[in-house]
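The values are calculated or read from the model by the stated rules, or taken from the named source; none is laboratory data. Note that the structure is a prediction, hence the values are computed from the model and not measured. Cβ coordinates were reconstructed from backbone atoms using ideal geometry, including for glycine residues, and neighbour counts include every protein chain displayed.
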């Protein structure tokens, strides 16, 4: 028996045993926290075979350390201090960085205190198998624990603690390995303190502790070339101050301290919001804040003050007389900053810098001077950044910034990386691999942005592959939109039914061991069919309809019963919640659920029994709802149609079978439902949707682009899905008024439409009534141009752009009168019909299942805050997925255009020309929309034109006389895909052909 | 306390002993001797300052004696429109029922109330108010809660309470705060108009320059903070127990019961020699002539003086023990 003794520790030791600190709570109270500390003598050092410390350590540090480093031939262990982890996490995480690391508790705690995301990365790192890391609890070992001296600041105390621990390790190693008589004494490995703080190093050397800076250490490693690139820019400065560092002038104003910012925001004098860069003009950005109707405009580099897209910034608003209107010019950073030299950009004094600033100030002053005051927006400047939203960005290396392009050259070069996204500034980085990285898509992280540097500084993370190779493009797309695309892990796959694809609905009765049939309705005999786009594998809905004896019609919507397989709170559920939605790219699909479920077990395939969640209505022939019920069921679909097949079948008068008749029945109901919806004021919105024709499944080379065709049957399915969603929304809101998962579409603020209304009035003499969704629908209907059928669609697209996006929310979180769905003109709405590809639907399924008493509601769905948190993620993922999908289409449109251009050349034709509509006018160009390809483009003129901002027209000199182009005019553009010479970024270039040829302009 | 019931015979025996020459007390002390006082500061680590004091505790088995725990807790308080600036002090005395087993709960409440009133009125007097209880002028300040708990009463409760209060307040550390504010840069306002507004007036009437600080932060969360300003000023009290012409100090319960009146004098020492009377209270039913009172106050002054100096010495010793000595001891063990 182990003898347990509890010794009461005398209060006189309080200084050692108690750690006291103050905490300020969110409500502004100050709380004193006390931590008791027990010092022990048996905290193990973690070195293999240490005779003092316990030997049963699963993954000890090697006995003789690592002897691969040239500075420490006797072997060494690395002991990094806090700042190394804060600044150089990418380096430590690299798989090439393998020395045995001793991680001190002091360091872990400091990292956690300073940055939670880095702390999480550090934690993950300690668990990873390819690293040899030992966590040493130095604050608990009696020899290494230290007490804060009087007037010692916490930072110094921690540094001292780290030094003491390093020194202890060195003595510990020499004490536990005494010389053995008769044997040659082998030299002991050293513990090397790694720190960037020169003063700390000095103190360490004084007390006999070996120390090294990060750069010096990495330079001595065998993969130094590759690793040095991973060094965050932070590190390079202190050791080898760059030539002009001292003489550098600050280009940007300093940020205010964070506490001041928060105080200012609290007092309402400063405003906090997300920074949005302007994609047309890199010198302009905006920050939407609640205090103003319009977002705060930030004009010019100094006022944007190093904010990067997505950062949460704090803005100071200028007095009203200094407010400006957004510029009406396209300012491309590549054009303006072409000659900026990466090596020394940032020094205001040099020629280049001057040139740049002159150019930029010309751009800024040229615009916005003669703008009507109505267009003025609150204008301000960024005074601080609350939270950086930096991540890894997909970039290209700008080849003009290279000094040497020899692939054999291994000298460090400072180069520019241009992010793929136009919203981001160029990033400066130092790399030895620059020549190799040309023509590649690479991942770059921003490390910092100093007030003295025009560009942010970053470091290279990894290469994705050659430009325009599909793999690289696809991965970069997923990375750019933060889509989690890794394959599902084992823990997740373990949640699938053990039978795998052999799983079937068990026969009713005694063989049903899992009791799957309990309270399930047997709808196997009902004539159910599914209608989906061609090639659809994840069929999540199916329909049926039949005449009832009383003359009414029974219609049913059957949705895959995903919640039967995805149980709350298991790894698969958490993963699905984190993914939020399935992402559809042109040639790929990133699933939310493992494909066994998505495309097999949950997919309502024909001729097999599948579990479903059914919503069954009794409707009058005029599509009035008599009653609705929801039930879990088992169905057996009789057919899986494409929209086209279903349409043909319906239209074929010779077919009189039950299946066809039920489609006809559904269709007649759908037409009435739609009419009712439209009468209630639903909007018929348009978005440019195109379809990419892929050559074959294997090569997936696009050959053509066409606009998506909409058939009657599309509308059929849509109407019944809407009906199901609305009915379910009502039911779950009734049952769970606090936590029901709903979807809403807020009415857009009137100001959003101002510009469109103005354009329509001035160019076409049309007016748009935006007072309600019904009024808007009606006035959109009369927005027609007899000569131009596409005009109406164009206006609809533009009106759609003015609206807010729909979002999921928890019913208890917002006021009940804001539940409405503006676009659908429904008082309440949710998503129920696609649980395979949307996580919100899974939650709705669970709630509905609880509402009908089928299963109890999981505890997490009773918690408002939990539901809110999940839905926040889902909303964000949803947005990102849409953008990724769009970007993927754009990429393929580009490829298709290129292919078409080449074919045209083969045939001896000039090039691709398409009709386009002008949607925006700038001082030096026009924005056009090519409806046939569903892409937007920009035509810029080099020469100045007459620009009339009031009337949205631009006058360009033509061959004979000047031509006036206004918004909504039809033009013909020549479309080429050209590679940007510098960045290898594929770019759709458009030039005007008619009414004027703009290539000379 | 007065409610300890003793018989007339006992009473007269005790009185006779006190009046005898040389005076005789049950525990052999002379008239102006104190029982052993033990004091420890910082016994409650979660408070901002604390002290544990006992008078007359048996050093061998720790039994008996008057026992008091005092603790100071600082709370952040938002200042309302009319409230005074610079913090408040609130004292509260609670008596454990086990200290007064013979009292009904109503009587215990009354006693607590009486003790609280005496302490609160004396300690929250503006002349003693420490200057560093303000966090943000006109916005936030510290509310100092001084709680005293009587766990045992063996006489001389007032002296003990004041001593414990002084020790706890002496021990109190106010967390350092830094007010944060946002000042809009001058350039904005001055550049916008050519009207010459006098910008740098330093007139006290200029209320426009009210600081905009709305919040504060803790610059160093490990630091216990700075000591309470003017901690030397906290008063000491002496109870003179009056029997006929003589007075004696540190009465036990029986002795208290046998003397008809007591005089409580509270002195604050700005300098070691000239005390200020912070409070004075006559307890009991007997009359007292002005002349006698004058003499008594003079006597009291010499008593508080010794008490003040020995208490201060002990408190400084405690500070030393808890910081330097402990650290040295920690250094040695390695």
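Figures for the structure shown
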| item | result |
| --- | --- |
| Filter result (in contact (Cβ under 8 Å) with a residue 60 or more places away in the chain, more than 15 Å from residue A:721 (Cα to Cα) and in a loop (DSSP other than H, G, I, E, B)) within the range A:537-562 | A:537, A:538, A:548, A:551, A:552, A:561 |
| Selection within the range A:767-813 - over 26 Å from residue A:930 (Cβ atoms), over 25 Å from the mean Cα position of the chain (by Cα) and in a loop (DSSP other than H, G, I, E, B) | A:767, A:769, A:770, A:771, A:772, A:811, A:812 |
| Residue among A:864, A:898 that alone is more than 23 Å from residue A:586 (Cβ to Cβ), touching a residue at least 12 places away in the same chain (Cβ under 8 Å) and out of contact with any helix residue (DSSP H, G or I) (no Cβ under 9 Å at 6 or more places or on another chain) | A:864 |
| Contacts under 6 angstrom Cβ, first residue in the range A:498-509 being touching a residue at least 24 places away in the same chain (Cβ under 8 Å), partner surrounded by 11 or more Cβ atoms within 10 Å (Cβ to Cβ) and not in a helix (DSSP H, G or I), 6 or more apart | A:503/A:497; A:505/A:609; A:505/A:634 |
| Top-ranked residue of the range B:134-152 - restricted to ones that are touching a helix residue (DSSP H, G or I) at 6+ places or on another chain (Cβ under 7 Å) and under 16 Å from residue B:79 (Cα atoms), ranked as surrounded by the fewest Cβ atoms within 10 Å (Cβ to Cβ) | B:141 |
| Selection from the range B:81-97 of residues that are at pLDDT below 90 and within 19 Å of residue B:161 (Cα to Cα) | none |
| Test: residue in the range A:167-187 that is more than 10 Å from chain B (Cβ to nearest Cβ), in contact with a helix residue (DSSP H, G or I) (Cβ under 6 Å, 6 or more places away or on another chain) and within 27 Å of residue A:67 (Cβ to Cβ) | no |
| Failed item, numbered, when residue A:143 is tested on (1) within 14 Å of chain B (Cβ to nearest Cβ); (2) surrounded by fewer than 15 Cβ atoms within 10 Å (Cβ to Cβ) | (2) |
| Any hit, the range A:468-482, residues being at pLDDT below 85, within 24 Å of residue A:225 (Cβ to Cβ), touching a strand residue (DSSP E or B) at 6+ places or on another chain (Cβ under 7 Å) and in a strand (DSSP E or B) | no |
| Matching residues, the range A:836-861, being under 21 Å from residue A:586 (Cα atoms) and assigned to a loop (DSSP other than H, G, I, E, B) | A:836, A:837 |
| Odd one out for residue B:54 among (1) surrounded by fewer than 16 Cβ atoms within 10 Å (Cβ to Cβ); (2) more than 14 Å from chain A (Cβ to nearest Cβ); (3) under 30 Å from residue A:36 (Cα atoms) | (1) |
| Residue in the range A:273-296 that is within 14 Å of another protein chain (Cβ to nearest Cβ), in a loop (DSSP other than H, G, I, E, B) and modelled with pLDDT of 80 or more present | no |
| Any hit, the range A:720-738, residues being in contact with a helix residue (DSSP H, G or I) (Cβ under 8 Å, 6 or more places away or on another chain) and assigned to a loop (DSSP other than H, G, I, E, B) | yes |
| Filter result (surrounded by fewer than 22 Cβ atoms within 10 Å (Cβ to Cβ) and closer than 15 Å to residue B:65 by Cβ) within the range B:240-255 | B:253, B:254 |
| The lone exception for residue A:40 - which of (1) more than 14 Å from chain B (Cβ to nearest Cβ); (2) exposed (fewer than 14 other Cβ atoms within 10 Å of the Cβ); (3) farther than 28 Å from residue A:223 by Cβ it fails | (1) |
| Unmet requirement for residue A:160, which otherwise passes all of (1) within 14 Å of chain B (Cβ to nearest Cβ); (2) exposed (fewer than 13 other Cβ atoms within 10 Å of the Cβ) | (2) |
| Residue in the range B:322-330 that is surrounded by 13 or more Cβ atoms within 10 Å (Cβ to Cβ), more than 14 Å from chain A (Cβ to nearest Cβ) and in contact with a strand residue (DSSP E or B) (Cβ under 8 Å, 6 or more places away or on another chain) present | no |
| Residues being out of contact with any helix residue (DSSP H, G or I) (no Cβ under 8 Å at 6 or more places or on another chain), at pLDDT 80 or above and either under 13 Å from residue A:86 (Cα atoms) or not in a helix (DSSP H, G or I) (or both) - total across the range A:124-133 | 1 |
| Residues of the range B:277-321 that turn out to be within 14 Å of chain A (Cβ to nearest Cβ) and in contact with a strand residue (DSSP E or B) (Cβ under 7 Å, 6 or more places away or on another chain), as a count | 1 |
| Matching option when the condition is part of a strand (DSSP E or B), under 24 Å from residue B:249 (Cα atoms) and either within 14 Å of chain A (Cβ to nearest Cβ) or touching a strand residue (DSSP E or B) at 6+ places or on another chain (Cβ under 9 Å) (or both), among B:77, B:40 | B:40 |
| Yes/no for residue A:84 being crowded, with 18+ Cβ neighbours inside 10 Å, within 14 Å of another protein chain (Cβ to nearest Cβ) and modelled with pLDDT of 85 or more | no |
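This table checks each residue for (1) surrounded by fewer than 20 Cβ atoms within 10 Å (Cβ to Cβ); (2) assigned by TED's automatic domain parsing to the domain that holds residue A:915; (3) modelled with pLDDT of 75 or more; (4) over 20 Å from residue A:759 (Cβ atoms).
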residue: A:952; (1), (2), (3), (4): no, yes, yes, no
residue: A:955; (1), (2), (3), (4): yes, yes, yes, no
residue: A:959; (1), (2), (3), (4): yes, yes, no, yes
residue: A:963; (1), (2), (3), (4): yes, yes, yes, no
residue: A:972; (1), (2), (3), (4): yes, yes, yes, yes
residue: A:975; (1), (2), (3), (4): no, yes, yes, yes
residue: A:982; (1), (2), (3), (4): yes, yes, no, yes
residue: A:987; (1), (2), (3), (4): yes, yes, no, yes
residue: A:1000; (1), (2), (3), (4): yes, no, no, yes
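Residues are listed down the side, and each one gets a yes or a no for (1) within 14 Å of another protein chain (Cβ to nearest Cβ); (2) in contact (Cβ under 8 Å) with a residue 24 or more places away in the chain; (3) farther than 27 Å from residue B:307 by Cβ:
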site: B:33; (1), (2), (3): no, yes, no
site: B:49; (1), (2), (3): yes, yes, no
site: B:67; (1), (2), (3): no, yes, no
site: B:72; (1), (2), (3): yes, yes, no
site: B:96; (1), (2), (3): no, yes, no
site: B:105; (1), (2), (3): no, no, yes
site: B:108; (1), (2), (3): no, no, yes
